[in-house]
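Derivation of every value follows stated rules applied to the coordinates shown; laboratory data play no part. Keep in mind it's a predicted model, so treat the numbers as computed, not measured. Ideal geometry is used to build each Cβ from the backbone, glycine not excepted, and the neighbour counts take in all protein chains shown.
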Amino acid sequence: MAGATDAQTACATLRDAARLNREDPNRRGALLTFGSAGQLVMTGDLHGNLRNFEKLQRYCALESSPGRCVVIHELIHEEPEPPGRPDFSIDLLLRAAAWKCAHPDNVFVLQSNHELSQLGRHEISKGGRCVLGDFVRGVEQRYGAGAADVLGAVDDYITSLPLAARTASGIFLTHSLPDALAVDSFDLTVFDREPTPADLAPGGAAYALVWGRYHTAEVAERFAQRLGVALFIVGHMPQECGYVRIGRMVILSSEHAHGVFVPIDLGRTYTAEELEESIRKFVSVG
Ligand SMILES: [Mn+2]
């Protein structure tokens, strides 16, 4: 039975990870940058999937691979199985925060729309299910009377997340891209500053970035030109087969049995086709 001590440990882990997120040496404003040495592993949405997360940890083997970085995003809000049980994706959020604390120079987490919905308490209704309500029930089951403190530390942690990462080779990593109609007017200066509460709320640039959907190759092309990048790797739009490539953009899903990730050699450039060929399935990881 979880109790106050567990809640204290969880809060300390989340607050330590939040501090590390804010103080990342790779970070300027809301943007992480990676140089041209080593390898970077990028996932799609994880949505509480501990099985794929553990495979990712085994694949990355950060204890013995200090030159490898890993970027993950959208960790919370799983699909409870069987229906009706609480959402225990707080477990993955804590495991990822602990991974960040253990390997602060190797583990990076990006802002996502489910995290922002949790922060803003904007309920998401999914097939009649209350996504935030189920998450809170899961936190209450795990931490009992300490649940409110843990939820407060989760808010601090979510607020600390950077919005995007870019590599020296011109790959831009983000949860999603702005909607087609917002691409040309999108406020790029949001990447230069610590996201403000207004940036993170509906109508804000950070919010628009992580909520955008249904991008065409032409939209990705226009946003790539504005940013001066060659390729995008994103998540957000679920891919039953694990991934899809749309022009300069690769969309990854990491939350199910057909989930994928992509290891990138930071020392070389990629065509979109080469990036697609580098995608790996979690089922291939022992
Ligand atoms: Mn999303």
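Structural remarks
- Charge dipole (Cα centre; +1 on Lys/Arg Cβ, -1 on Asp/Glu Cβ; no other charges) of segment 156-196 amounts to roughly 180 debye.
- Extending 7 Å from the Cα toward the beta-carbon at both Ala168 and Glu81 defines two label points whose distance is 4.1 nm.
- Positive-end ranking of Pro104, Val190, Gln39 along the dipole of the chain, with charges on Cβ about the Cα centre, is headed by Gln39.
- Debye, to nearest 20: dipole size of the chain, +1 on Lys, Arg Cβ, -1 on Asp, Glu Cβ: 340
- Working from label points 7 Å from Cα in the Cα-to-Cβ sense, the Ala148 to Leu181 distance is 4.1 nm.
- With 0.36 nm allotted per residue and the present C-alpha distance subtracted, the Thr269-Asp105 stretch has 56.8 nm of extension available.
- In this structure, the amide hydrogen of Asn49, modeled 1.01 Å from its nitrogen in the peptide plane, lies closer than 5 angstrom to no residue at least 5 positions away or on a different chain.
- Annotation: amide H-H contacts under 5 Å for Val41 (H modelled 1.01 Å from N, sequence separation of 5 or more, or interchain): Cys69, Val70, Val71, Ile264.
- Here His103, His114 are placed in order of increasing Cβ neighbour count within 10 Å, fewest first, which gives His103, His114.
- Residue-wise HN-Hα coupling along segment 166-183, computed from phi with Karplus coefficients 6.51, -1.76, 1.60 (Hz; x: Gly, Pro): 9, 9, 4, 7, x, 9, 10, 10, 7, 5, 7, 10, x, 4, 3, 6, 9, 4
- Under Karplus coefficients 6.51, -1.76 and 1.60, residue-wise ³J(HN,Hα) of segment 128-145 in Hz, glycine/proline x: x, 8, 8, 5, 5, x, 5, 5, 4, 4, x, 5, 5, 5, 6, 10, x, 5
- Extreme residue, positive dipole direction of segment 4-284, given options Gly120, Gly29, Leu62 (C-beta unit charges): Leu62
- Estimated vicinal HN-Hα couplings, Hz - segment 153-161 in sequence order (Karplus 6.51, -1.76, 1.60; Gly, Pro = x): 5, 4, 4, 4, 5, 4, 4, 7, 6
- Gain on full stretching of the segment that runs from Asp192 to Ala257 - 0.36 nm per residue minus C-alpha separation: 19.7 nm
- Within the chain, percent of DSSP bridges classed antiparallel, to nearest 5: 45
- Rounded to the nearest 20 debye, the dipole magnitude of segment 10-105 is 320 debye, with +1 charges on Lys and Arg beta carbons, -1 on Asp and Glu beta carbons, and the Cα centre as origin.
- Of Leu75, Leu132, Trp211, farthest towards positive along the dipole that unit charges on Lys, Arg, Asp, Glu beta carbons give the chain: Leu75
- Helical runs assigned H by DSSP (4 residues or longer) give the chain a calculated mean residue ellipticity at 222 nm of -11000 deg cm²/dmol, each run adding -39500 (n - 2.57) before division by the residue total.
- Each principal axis of the Cα atoms in the chain has its own extent, and those three values, largest first, are 51, 43, 36 angstrom.
- Spin-label model distance (nm) - Arg15 vs Thr216, 7 Å beyond Cα toward Cβ: 5.0
- Between Asp6 and Ala201, the C-beta separation translates, for a Förster distance of 41 Å, into a calculated FRET efficiency of about 0.85.
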